[in-house]
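Notes for the one structure printed next.
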Amino acid sequence: MTLLRIDASILGPISASAELADLVVAEWAAERPDEQVVTRHLGTHPLPPDAWAVAVDAAHNTPVDQRDATQRAADALARELHGELVSADAVVLAFPLYNWGVSSHVKSWIDLVIAGAVVAGGTAADRVLEGKPVVLLSTRGGSYAAGTPKEGWDHSTPYLRRILADAWGADLTVVEREFTLVGLKPELDRFADLGARLKATAHEAARAAGKALAAGKALAAG
């Protein structure tokens, strides 16, 4: 079996989403030490921002034998990302909330996977994760819980559920952690105890998700 891990944080060694992904992958590796883990980091190695538009335009308007180097590269990248996802047996996605939505890096990846389905002979509606266990790790710097000032401002997690589970058919587990900026921003110091509890809960959930993933299934969506 192959596990595909995709990160999108721009925070390097202090990334809370990467920390959760490490826990999931560690549980996977403990059960499946000889099996492959494929990694991609959209935050440190962003996809070309124009690749999606170039690939789609070429698919509609330029015959294959008339495409230039830029068009061929965009087509190849779309096929690669689509094939990477389709060929994986399980998937871990560490996607933080940025500016109340998904990052441009993640949106580019989603668009190119869909373009890859089309250029590979499928359609934009292909369920590329049908029945496949997927763990989404969603992290947020503040709190967006019911009753907080930012309730309803998380436009990332619901969108990703729609794409991964509803559109792509994943057997989805969602592990969420809030207040990841507690300890980093002095104005959040008053939430230190709550932040520590939320971190511990998320870490426990990540470990459980990793064990379930190694068993070839997802937990009930969180």
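For this structure, a couple of remarks:
- The eigenvalues of the Cα gyration tensor, multiplied by 5 and square-rooted, give segment 51-183 an equivalent ellipsoid with semi-axes of 32, 17, 12 Å from largest to smallest.
- Were the residues from Val38 through Asp68 laid out at 0.36 nm apart, the gain over their Cα-Cα distance would be 7.8 nm.
- Atom-type composition of the exposed protein surface of segment 91-191 places 54 percent of the accessible area on carbon and sulfur (1.4 angstrom probe).
- Computed over every Cα-Cα pair of the chain and binned at 10 Å starting from 0, the pair-distance distribution P(r) comes out as 8, 32, 34, 18, 6, 1, 0 percent.
- Diffusion constant of segment 118-218 at 25 °C, which comes from Stokes-Einstein with the Kirkwood Cα-pair radius and 0.890 mPa s, µm²/s: 160 µm²/s
- Here the spin labels are modelled as points 7 Å beyond Cα on the Cα-Cβ line, and at Tyr159 and Ala146 they lie 2.5 nm apart.
- Springs join every pair of Cα atoms under 10 Å in this Gaussian network model of the chain, and among Arg40, Arg140, Arg67 the largest mean-square fluctuation is at Arg67.
- Extending 7 Å from Cα along the Cβ direction at Ala26 and again at Glu204 yields two label points whose distance is 1.7 nm.
- Counted charge near His105, where neighbours are those whose Cβ lies closer than 12 Å (Asp, Glu -1; Lys, Arg +1): 0
- Loop sites in segment 78-153: GluC sites (Glu not before Pro), DSSP, at most 15 other Cβ within 10 Å: Glu130, Glu151
- Helices assigned as whole DSSP H runs in the chain whose Cα atoms extend at least 18 Å along their own long axis and whose mean Kyte-Doolittle hydropathy is -0.5 or higher are found at 16-31, 69-87, 104-119, 192-214.
- Net charge of neighbours whose Cβ lies under 13 Å from the Cβ of Ala74, counting Lys and Arg as +1 and Asp and Glu as -1: -3
- Cross-link pairs Lys150/Lys185; Lys107/Lys132; Lys132/Lys199; Lys132/Lys211 - those with Cα-Cα distance over 25 Å: Lys132/Lys199
- Normalised per residue, the accessible area of the chain is 48 Å², obtained with a 1.4 Å probe and no contribution from ligands, DNA or RNA.
- For the chain, built as a Gaussian network whose Cα springs stay under 10 Å, the top-fluctuating residue of Leu172, Leu47, Leu112: Leu47
The values are calculated or read from the model by the stated rules, or taken from the named source; none is laboratory data. What you see is a predicted model; the values in this text were computed from it and never measured. Positions of Cβ are generated from backbone atoms using ideal geometry, with glycine treated the same way; all protein chains shown enter the neighbour counts. All accessible areas refer to the heavy atoms of the entire protein, side chains included, with ligands and DNA or RNA removed. Shrake-Rupley method; radii C 1.70, N 1.55, O 1.52, S 1.80 Å.
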